[in-house]
Every structure is written in C-alpha cells, then in structure tokens.
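What follows is calculated from the coordinates using simple rules that are stated; it is not laboratory data. Keep in mind it's a predicted model, so treat the numbers as computed, not measured. For neighbour counting, all protein chains shown are included, and Cβ atoms are generated from backbone atoms with ideal geometry for every residue, glycine included.
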Amino acid sequence: MENSSVESTTPVYTLSTTSTLSGIPVHSIRQYIDKGLIIPFRKESNRNLFSQIDILRLKYINNLLNEDGLNIAGIRKLLAIIPCWAIRECSAKERETCQAYHSDANPCWEASEKGTLCKNTNCRECDVYRIVENYPNVKSFLKTLIP
Ligand code: SF4
C-alpha cells in the first residue's frame, strides 16, 4: 500500500476547501483534529493543509458518527485497536518498547513511545493512517489479516 499513490498524501487543500470537498463543516474538522482523528499537515504559518487521504478519513469519520452511531470517544477507541504492528510488520523487539502495541488508549500516532520504524515515519504517509484509501472500513481490512 505504501508508495502506491504519493499524490493522495500530498497536503494541498485548505481547511475551507477540505470542508467543501468532504461536506463536513469547518468547526467539525477542527474538532476531529483536536481529538486526534485527523493529522493535518501544519505549515510554518501554522495553517493546516489536507490531502485526499484526509478527505477520505473525514468522510469515514462522518459515517461512523452519523450512520453507525459512534461518538468521538468510540471512534478513537476503534482507531486505537487497529493492529498497526501487523500492518507495519514490526519486529518483536520493536513491539517491546512501543506504547501503541501495549495500550489501546489512543490511536497509534499519539503513542508516547514508538518503535524505530515508526519514529522514522511520517504518520500522514503511513499505511495505518491511509487505511481508508484501500478499505471501506476497519473490518474489511482486518479480514485481510485474519481471513
Ligand atoms: S508510523 Fe505513525 S501511524 Fe504508522 S503505525 Fe507508526 S505511529 Fe501509527
């Protein structure tokens, strides 16, 4: 999945354009950022820019909220149980010290301690963050790990 589409991760859209393209109000996008559901690209000017992946994620979050009845805390928990170590194929040694492996409190990109592989990866371009690019939901992805 990684490197399959560099363009889809390129941060090109402003907040207002992202709101228009996703159909999600600006204040909701800001809330999703605050809650760690979206990781925008932060420019030096402190303005956020968004990619196509971010827009897909926003739509997915909106579906979870409005169609599946989850709240923000539920979505954070869902993201926190994604088996990132299996997606990244982290070694047993890397897992030892990775908070994302041992805790289900936060999405992996908020982990305070990460394995070497993740320390050197931009989460915005990681397969875990990009899961929405190739799978309509988390379960359809899990089926690829556990047929
Ligand atoms: S690089 Fe970031 S998003 Fe990917 S598994 Fe590591 S912490 Fe999670």
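Sorting T10, T144 on the 10 Å Cβ count, fewest up front, what's the list? Numbers along the way, then the final one.
Working: T10 16, T144 11.
Taking fewest neighbouring Cβ atoms as first place, the list is T144, T10.
Residues in the range 124-137 carry Karplus couplings, in order, of 4, 9, 7, 4, 5, 5, 8, 3, 5, 6, 10, 10, x, 7 Hz; the curve used is 6.51 cos²θ - 1.76 cosθ + 1.60 with θ = phi - 60°, and Gly or Pro positions show x. The residues neighbouring E113, those whose beta-carbon lies less than 14 Å from its own, together hold a net charge of +1 under the Lys/Arg +1, Asp/Glu -1 convention.
Take the eigenvalues of the Cα gyration tensor for the chain, scale each by 5, and report the square roots as semi-axes in whole Å, largest first. Don't skip to the end; give the middle numbers.
Numbers: eigenvalues 117, 63, 45 Å².
Here the semi-axes work out to 24, 18, 15 Å.
Ranked from highest to lowest mean number of other Cβ atoms within 10 Å per residue, what is the order of the peptides 37-45, 11-19? Walk me through the numbers before you get to the answer.
Values: 37-45: 14.7, 11-19: 16.3.
The packing order, highest mean first, is 11-19, 37-45.
By the Cβ rule of 4.7 Å, the chain holds the following cysteines without a possible disulfide partner: C90, C98, C118, C123, C126. When the Cα positions of G23, C90, N122 are compared along the charge dipole of the range 6-145, G23 comes out farthest toward the positive end, with charges on each C-beta of Lys, Arg, Asp and Glu. Counting every alpha-carbon pair across the range 85-147, the share separated by more than 20 Å comes to 27%.
Under a 5 Å amide H cut-off, with hydrogens placed 1.01 Å from N, T10 pairs with Q52 among residues at least 5 apart or on other chains. Taking every alpha-carbon pair under 8 Å whose residues sit at least 6 apart, the chain reaches a relative contact order of 22 percent. For the range 2-138, a simple Cβ point-charge model (Lys and Arg +1, Asp and Glu -1, everything else neutral) yields a dipole of about 320 debye relative to the Cα centre.
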